[in-house]
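Visitor: Have a look at this one.
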Amino acid sequence: MTEADGSTDFEGVKTTAFCYLERNQCPCCQTCPSGGERLVVSSPPAESLAPAQHGAFLSGYSSQRVFFTYVCCGECGARYCPIYYNPEQLGSLYSQQAENMASVPLEARYRAQQRYADLLMKHSTGSGSFLEIGADIGLLARCCAAAADFDRIWLFEPNLSVHPEIDARLAGFPYVVQAEWSKCIPAETVSTAAMIHVVDHLVDPAATLLNIREALQPNGILLMVTHNVESLLAKLLGRLWPPYTLQHPQLYSPKSITRLVGRLGFEVLEIVDAINYFPASHLLNGALSILGLPKPPWVFPRQIVPVRLGNMAVVVRRSG
Ligand SMILES: [Zn+2]
């Protein structure tokens, strides 16, 4: 079977060169591939090249980008890369990466994060501690902190260059910001946790979710925003869909993320389409780039518009 125009069968993937990591089961449901799964493949596939030949790690919307081959799990529908960067390679690539939304105006970013905060706080007790992994420039944390009375706000953000911005935004709140996740959070103290566009990036998402579960109070909640491989945009664009990229070792569907959290002791409360806000010019230039078309000689309007880009917001609760 094929997906869009870049597919081959699973038998066609065979390389362990360049010290890449191998994963022999679906990270969501732990089913091993049978060999007959649909694949999503770039030309050439990343696993056939050395890391230095992959081009930009933050590969944007280019129609020419290279990525590791994705298997479509026959059991839960997740797309995952059986061959992917090893931890040392990933560490080196992320250390060189710039803040990835810097070109989007702050007002547009705030509007998207305020919507996430509204969704999260709808389910939150608003007490206990707050935790965010991948806090970016602190927009969601600020929105949630302003709406609640958290006794501690734990923020983890690997990009050290944005920490001063977090400090400025959270001034006056009882926050702690660190580069790396650590076991410093007392068990069962967090009522409200969030990971915005983080779980797509984790080579072992189950390990991180179990760490968060330990920190959560019984009935504590977690919001995850992630790309949805079953979205209309993903289906329309096939392998040209931008989330098929070097940074994502797997991509989720509502079913696959439900399977993942279900086996780790969470129950799903709500899954909704996420709304993003972007200047119209940003969206139109991105669409041209995805399709491999040149930029026009005129300038597109910069008015900020709401748009569904195939992302989903998933709220889960620690069960038991
Ligand atoms: Zn699966």
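No value in this document is a laboratory result; all are computed from the given coordinates. Just so it is clear, the structure is predicted and the values come from calculations on it, not from any experiment. All Cβ positions, even for glycine, are placed from backbone atoms using ideal geometry, and neighbour counts span all protein chains on display.
Visitor: Using alpha-carbon pairs under 8 Å, 6+ residues apart, how would you state the relative contact order of the chain in percent?
Guide: Details: 647 pairs, mean separation 62.4, N = 320.
Dividing the mean separation by the residue count of the chain yields 19 percent.
Visitor: May I ask you to evaluate 6.51 cos²θ - 1.76 cosθ + 1.60, the Karplus curve with θ = phi - 60°, for each residue of segment 17-24 and list the ³J(HN,Hα) values in order in whole Hz, giving x for glycine and proline?
Guide: Going residue by residue, I get 5, 6, 6, 5, 6, 10, 10, 9 Hz, with x marking Gly and Pro.
Visitor: Could you identify which residue out of GLU107, GLU214, GLU47 has the top mean-square fluctuation in a GNM of the chain using Cα springs shorter than 10 Å?
Guide: GLU107
Visitor: Restricting to Cα pairs below 8 Å that are 6+ residues apart, what does the relative contact order work out to for segment 99-161? Please round to a whole percent. Display every interim value, and only then the final one.
Guide: On the way: 58 pairs, mean separation 23.3, N = 63.
Once divided by the residue count of segment 99-161, the mean separation gives 37 percent.
Visitor: If you keep only loop residues by DSSP, which trypsin sites (Lys or Arg not before Pro) in segment 250-309 have at most 14 other Cβ atoms within 10 Å of their Cβ? Could the numbers behind the result be given before it?
Guide: Numbers: sites: LYS255, ARG259, ARG263, ARG302, ARG308; in loops: ARG263, ARG302, ARG308.
Passing sites in segment 250-309 are ARG263, ARG302, ARG308.
Visitor: Rounded to two decimals, what is Rg over Rh for the chain when you use alpha-carbon atoms and the Kirkwood radius?
Guide: 0.96
Visitor: Taking the Cα atoms only, what angle lies between the long axis of helix 280-290 and the longest principal axis of the chain, rounded to 10 degrees?
Guide: Approximately 30 degrees, to the nearest 10.
Visitor: While we're here: Give the separation of the Cα centroids, segment 116-158 to segment 173-211, in Å.
Guide: If we compute the Cα centre of each part, the gap is 12 Å.
Visitor: Sticking with this one: Pick from ILE221, ILE271, ILE133 the residue whose mean-square fluctuation is largest in a GNM of the chain, springs joining Cα atoms under 10 Å.
Guide: ILE271
Visitor: Among the listed pairs LYS122/LYS235; LYS183/LYS255; LYS235/LYS255, which are separated by more than 27 Å between their Cα atoms? List each step's numbers first, then the result.
Guide: On the way: LYS122/LYS235 31 Å; LYS183/LYS255 30 Å; LYS235/LYS255 16 Å.
Going by Cα-Cα distance, LYS122/LYS235; LYS183/LYS255 fall outside the 27 Å limit.
Visitor: Can you find, among SER161, SER129, TYR110, the residue farthest towards the positive end of the dipole of segment 104-197? Put +1 on the C-beta of Lys and Arg, -1 on that of Asp and Glu.
Guide: The residue sitting most towards the positive pole is TYR110.
Visitor: Now for a different question. Mind grabbing the base-10 log of I(q)/I(0) for segment 202-258 at q = 0.12, 0.13, 0.22, 0.24 Å⁻¹? Debye formula, identical points on the C-alpha positions, no solvent, two decimal places.
Guide: Result of the Debye calculation: -0.37, -0.43, -0.94, -1.04.
Visitor: Restricting attention to the alpha-carbon atoms of segment 178-320, what are Rg (one decimal) and Dmax (integer), both in Å?
Guide: Reported Rg and Dmax, both Å: 17.7, 59.
Visitor: Then there is this: Using a/c under 1.5 as the rounded threshold, could you call segment 174-242 rounded, prolate or oblate? The axes a ≥ b ≥ c are square roots of the C-alpha gyration tensor eigenvalues, and prolate needs a/b larger than b/c, oblate otherwise. Walk me through the intermediate numbers first.
Guide: Values: a/c = 2.74, a/b = 2.29, b/c = 1.20.
Since a/c reaches 1.5 and a/b is larger than b/c, the shape of segment 174-242 is classed as prolate.
Visitor: Still on this structure, I have one more. Would you grab the residues whose amide H sits under 5 Å from the one on ARG38? Only those 5+ places off in sequence or on another chain, please, with H modelled 1.01 Å from N.
Guide: Residues meeting the amide H criterion: CYS72.
Visitor: Then there is this: Among ALA193, ALA46, ALA146, determine the one that fluctuates most according to a GNM of the chain built with springs between C-alpha atoms less than 10 Å apart.
Guide: For the chain, modelled as a Gaussian network with Cα springs under 10 Å, the answer is ALA146.
Visitor: Using +1 on the beta carbon of Lys and Arg, -1 on that of Asp and Glu, and nothing else charged, what's the dipole of segment 199-320 about the Cα centre, debye to 20? It would help to have the intermediate numbers written out before the result.
Guide: Details: 11 positive and 7 negative charges, 39 e Å.
Its charge dipole is roughly 180 debye.
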